[in-house]
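Each remark here refers to the structure printed beneath this line.
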Amino acid sequence: IRLWFTQQLEPAFSGIEGDDAKGARVDDGKVTLDPKDPTLLSVGLKPLAPGTYTVHWHVVSVDTHRTEGSLPFEVAK
């Protein structure tokens, strides 16, 4: 999962998680901030079966602006 933001992020206060329909985590827990693009936060995924999943994020930008949210994503057959 890769998410871009409009401002540079503080990696110590930012994260991404992926969940399946039952709420079980499907990400690998290794959230990284791209060293060449400090607006890009990513996390790897475990192997996924086709279905609908949800990504949740919470971030803090370098100017201390906080935001969080979630979006569904689908893995096709």
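The values are calculated or read from the model by the stated rules, or taken from the named source; none is laboratory data. None of these values were measured; they are calculated from a predicted model. Glycine also receives a Cβ, built like all others from the backbone with ideal geometry; neighbour counts cover every protein chain displayed. For the accessible areas, the whole protein counts, side chains as well, though only heavy atoms, and no ligand, DNA or RNA atoms are used. Shrake-Rupley method; radii C 1.70, N 1.55, O 1.52, S 1.80 Å.
Can you tell which of Thr64, Thr39, Thr54, Thr32 is β-branched (Val, Ile, Thr) and at pLDDT below 95?
Numbers: Thr39 fails: at pLDDT below 95; Thr54 fails: at pLDDT below 95; Thr32 fails: at pLDDT below 95.
Of the residues listed, the single one that is β-branched (Val, Ile, Thr) and at pLDDT below 95 is Thr64.
Can you name every residue in the stretch 11-21 that is part of a loop (DSSP other than H, G, I, E, B) and at pLDDT 95 or above?
Of the residues in the stretch 11-21, the ones part of a loop (DSSP other than H, G, I, E, B) are 14, 20-21.
Once the filter is applied, which keeps residues that are part of a loop (DSSP other than H, G, I, E, B) and at pLDDT 95 or above, the stretch 11-21 yields Ser14, Asp20.
Do you know which of the residues in the stretch 46-77 that are among the aliphatic types (A, V, I, L, M) and assigned to a strand (DSSP E or B) is nearest to the chain's Cα centre (by Cα)? Full working, then the answer.
So the first thing to find is which residues in the stretch 46-77 are among the aliphatic types (A, V, I, L, M), and the list is 48-49, 55, 59-60, 62, 71, 75-76.
Narrowing further to those that are assigned to a strand (DSSP E or B): 55, 59-60, 71, 75.
Numbers: Val55: 6, Val59: 9, Val60: 13, Leu71: 10, Val75: 16 Å.
Here the answer is Val55.
Let's see how each residue does on (1) in contact with a strand residue (DSSP E or B) (Cβ under 8 Å, 6 or more places away or on another chain); (2) surrounded by 12 or more Cβ atoms within 10 Å (Cβ to Cβ); (3) more than 24 Å from Lys77 (Cβ to Cβ):
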position: Leu3; (1), (2), (3): yes, yes, yes
position: Ala12; (1), (2), (3): no, no, yes
position: Thr32; (1), (2), (3): yes, yes, yes
position: Leu45; (1), (2), (3): yes, yes, no
position: Pro50; (1), (2), (3): yes, no, no
position: His58; (1), (2), (3): yes, yes, yes
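Could you tell me whether Leu41 is open to solvent by 30 Å² or more (accessible area, probe 1.4 Å) and either free of Cβ contacts under 8 Å to residues at least 60 places away in the same chain or in contact with a helix residue (DSSP H, G or I) (Cβ under 6 Å, 6 or more places away or on another chain) (or both)? Break it down into steps so the answer makes sense when it comes.
Numbers: open to solvent by 30 Å² or more (accessible area, probe 1.4 Å): no; either free of Cβ contacts under 8 Å to residues at least 60 places away in the same chain or in contact with a helix residue (DSSP H, G or I) (Cβ under 6 Å, 6 or more places away or on another chain) (or both): yes.
For Leu41, the condition - open to solvent by 30 Å² or more (accessible area, probe 1.4 Å) and either free of Cβ contacts under 8 Å to residues at least 60 places away in the same chain or in contact with a helix residue (DSSP H, G or I) (Cβ under 6 Å, 6 or more places away or on another chain) (or both) - is not met.
Just one of (1) within 12 Å of the chain's Cα centre (by Cα); (2) free of Cβ contacts under 8 Å to residues at least 40 places away in the same chain; (3) not in a loop (DSSP other than H, G, I, E, B) trips up Lys30, so point out which.
(3)
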